[in-house]
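Notes to accompany the following structure.
The values are calculated or read from the model by the stated rules, or taken from the named source; none is laboratory data. Quick caveat, the model's predicted, so the values are computed rather than measured. Cβ placement follows ideal geometry from the backbone for every residue including glycine, while neighbour counts extend to all protein chains displayed.
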Amino acid sequence: MKLIDPIIEFHHELQRIRREIHANPELCFEERETADLVAKKLTEWGIPILRGLGVTGVVGIIKNGNSDRAIGLRADMDALPMQEINTFAHASRNDGKMHACGHDGHTAMLLGAAHYLSQNKNFDGTVYVIFQPAEEGGGGAKRMMDDGLFAQCPMQAVFGMHNWPGIPVGEFGVTVGPMMASSNEFEVIVSGKGSHAAQPHKSVDPIMVAVQIAQSWQTIITRNNSPIDAAVLSITQIHAGSATNVIPDNASLIGTVRTFDLKVLDLIETRMRAIAEHTALAFDAKVDFRFHRNYPPLINHAKETAFAVEVLQSIVGEEKVNAHVEPTMGAEDFAYMLQGKPGCYVFIGNGEGDHRSAGHGLGPCNLHNPSYDFNDDLLPIGATYWVRLAEAFLQQK
């Protein structure tokens with residue numbers, strides 16, 4: 001593995017920063033202390049900054065030479081609304097908030113790259129280091145773009161990275177095209193007519209209507225959607241009733257839809273609505289159908305992905321880079337940035353959790369798990385990737 005020596009020497013400081021962020025998690029659009037820490041470090045290293053894009057976003061601007069070429073490197077800063085069960089020294093001090101997805105590590109890795117790039121300007125052009133808020137459901141990437149990120153920071157390409165438990169430390173995963181799915185939510189409220197449970201003939205039972213809708217929706221995946229096109233329709237909540245002897249007036253179905261293709265998403269939403277409305281009509285009930293599209297699918301661009309793979313292979317070796325990693329039905333708002341600019345998003349291996357010190361929870365070291373902790377061994381690896389990516393990009397003709 002060909003890591004950058006000064007970054008290796010800076011590892012202890014990056015670990016300190018990462019653990020400070022982990023101990024003080026902040027939710028989407030509330031990352032004020034985290035943003036202050038990032039801004040303070042960038043300023044200490046002589047890097048001009050922009051603040052306020054996406055409410056709490058921070059962008060560092062590292063320039064050298066006369067070229068107008070520029071690259072964007074993005075990390076996310078927000079935590080999740082969940083309780084940490086780890087008890088080691090850097091565990092969350094904020095009840096109900098936890099860095100259970102590794103955004104603390106993403107921020108620290110990009111700070112490590114920014115520190116090196118500010119001191120060793122082996123490139124001609126501009127590196128924008130983008131510290132984004134609100135990835136966990138807030139759409140912070142889109143908010144930064146709406147606030148003028150790409151207008152104020154013109155760049156030819158943008159790149160992202162996420163740690164991935166299960167991939168060994170020192171290895172990477174990436175693929176061309178769809179890598180993460182679109183994220184969408186639905187809520188369907190079925191309105192019927194309540195009655196005494198002993199007199200069901202006097203009711204329009206919303207529970208039975210909801211059950212019929214739920215069963216029929218599964219045919220969308222198995223009979224309407226092509227088996228070649230991956231899609232998930234998961235009903236995760238059913239709410240109805242409050243007593244054993246009462247048929248309620250209403251029932252609700254709540255869940256998520258995931259696809260890699262917007263045409264598939266269009267098909268699923270259309271069929272879900274039609275099935276819900278016509279099923280309700282058949283039972284003399286009514287439905288209020290609500291479908292909210294959160295994040296689009298994350299689609300890596302071919303040229304930029306091939307470029308990123310070359311850089312990764314130069315650092316860890318060809319055998320350590322899976323250039324055809326299996327896509328995931330998880331979602332990521334970096335997808336918005338890839339709609340606005342060419343680029344590539346990669347997974348950096350976080351291992352299996354063996355790195356966790358005494359005091360970790362009994363659960364696995366999976367993302368969004370209360371026992372999770374970012375692997376600090378990744379810090380110099382990820383920072384080196386960012387540096388070599390930027391240098392190579394800004395040396396291209």
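Tell me which strands (runs of 3 or more DSSP E) are completely within region 93-199 and hold 1 or more residues being in contact with a helix residue (DSSP H, G or I) (Cβ under 6 Å, 6 or more places away or on another chain) and modelled with pLDDT under 95, or say none if there are none.
No strands (runs of 3 or more DSSP E) qualify here.
Any idea which residue in region 92-130 is surrounded by the fewest Cβ atoms within 10 Å (Cβ to Cβ), counting only those that are closer than 21 Å to GLY359 by Cβ and among the charged types (D, E, K, R)?
Of everything passing the filter in region 92-130, ASP95 is surrounded by the fewest Cβ atoms within 10 Å (Cβ to Cβ).
Which one of these is surrounded by fewer than 16 Cβ atoms within 10 Å (Cβ to Cβ) and either under 30 Å from PRO6 (Cα atoms) or in contact (Cβ under 8 Å) with a residue 40 or more places away in the chain (or both): ALA323, ALA358, ALA335?
Only one candidate qualifies: ALA358.
Taking the conditions exactly as written (within 20 Å of THR328 (Cβ to Cβ), among the aliphatic types (A, V, I, L, M) and in a helix (DSSP H, G or I)), does ALA210 satisfy them or not?
When the stated conditions are applied, ALA210 does not pass them.
For region 213-257, give me the residue count where each residue is surrounded by 15 or more Cβ atoms within 10 Å (Cβ to Cβ), part of a strand (DSSP E or B) and of a type in the set (Ser, Thr, Tyr).
Counting residues in region 213-257 that are surrounded by 15 or more Cβ atoms within 10 Å (Cβ to Cβ), part of a strand (DSSP E or B) and of a type in the set (Ser, Thr, Tyr) gives 2.
Counting only residues that are without any contact (Cβ under 8 Å) to a residue 24 or more places away in the chain and under 16 Å from LEU117 (Cβ atoms), how many does region 1-20 have?
3
Please count how many residues of region 313-328 are out of contact with any Ser or Thr (no Cβ under 9 Å at 6 or more places or on another chain) and within 23 Å of ALA181 (Cβ to Cβ).
Going through region 313-328 one residue at a time, the tally reaches 2.
Scan region 184-204 for residues that are surrounded by 22 or more Cβ atoms within 10 Å (Cβ to Cβ) and more than 36 Å from the chain's Cα centre (by Cα) and jot them down.
GLY192
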